[in-house]
Structure formats: C-alpha cells, structure tokens
Amino acid sequence: MNVFDLNKLSLYWEMVNAEKIALLNLLSDIKPVVSIEIGSREGGSLQLISQLSQTIYSLDTEPSVKNLSEKFSNVNFIIGDSKVTLPLLLIDLHNKNEQPDFILIDGIIPLKV
C-alpha cells in the first residue's frame, strides 16, 4: 500500500486537513488521466493533483499563476475568465477524443449586487 505524505507538499493551500485528505482519497480512487483545476492561486491543491494525474489544466484569471510552471511539468496553464476558457478547453479535449476525469472548482465567483 502506497502512503502519501501530505506534509511533504510545500506550497501553501487554504484547505483544512480533512479537505486535503478527502481530495487525496478521491484522486487516489479516480486515478485521473486528465484533470482541470479552476482557480490555482498559489498552487496548493495543484501540487497534489499534479502528482496524481497525468495531465492537468489550470484555469485562472491571474497571469502570475504561470510562475508555477517551473514546479509542474504536467500542468498546462490557461489564463482568462473560466466562463470563456473552460468551454474552449472542453471543446479542445473533445476534439482530441479526451475528457476530464476530475475537475476541482476552487475559484471565487464575484456576486453582482
């Protein structure tokens, strides 16, 4: 049995330990080939997803997220509003005869008041 040590993940992430363990167990069960994370921020959950997926697409509005690319060789960073970038990515994956096995929506949705 492989034991994964969450304490060895060095990037900051805002999930509490129970959420981290749930994500680890979910990814371990799914064994995703293609994963998508919407809202990567500082790369906290991305560092786990990247270790348990073959290919990851990170969608974020913040261009500085691309600075994480040196830490993740299997992550494709897409900058822009996910309302635009996600449908385009899904079409592209469909055209390649691929589909996401896992999607984490970890972004914030601004509310219009």
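The values are calculated or read from the model by the stated rules, or taken from the named source; none is laboratory data. None of these values were measured; they are calculated from a predicted model. Reconstructed Cβ throughout: ideal geometry from the backbone, glycine too, with neighbour counts over all protein chains shown. Ligands, DNA and RNA are excluded from the accessible area calculation, which covers all protein heavy atoms including side chains. Shrake-Rupley method; radii C 1.70, N 1.55, O 1.52, S 1.80 Å.
Counting pairs of alpha carbon atoms under 8 Å apart in space and at least six apart in sequence, what relative contact order in percent does the chain give?
Numbers: 161 pairs, mean separation 31.9, N = 113.
RCO, the chain: 28 percent.
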(message) Just the number please: accessible area per residue for the stretch 10-105, 1.4 Å probe, all protein chains included, in Å².
(response) 58 Å²
(message) Could you work out [θ]222 nm for the chain from helices alone, using -39500 (n - 2.57) per DSSP H run of at least four and dividing by all its residues? Round to the nearest 500 deg cm²/dmol.
(response) -10000 deg cm²/dmol
(request) Pop a pseudo-label 7 angstrom from the Cα along the beta-carbon direction at both I91 and S10 and give the gap in nm to one decimal. (result) 4.0 nm
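Could the peptides 63-72, 49-58 be put in order, highest first, of the mean number of other beta-carbon atoms found within 10 Å of their residues?
49-58, 63-72
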(message) With the cut-off at 1.5 for a/c, could you classify the stretch 42-90 from its C-alpha gyration tensor as rounded, prolate or oblate?
(response) oblate
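How many percent of the accessible area of the chain is carbon or sulfur, using a 1.4 Å probe? Show your work: numbers first, answer last.
Values: 4020 of 7590 Å².
Carbon plus sulfur share of accessible area: 53 percent.
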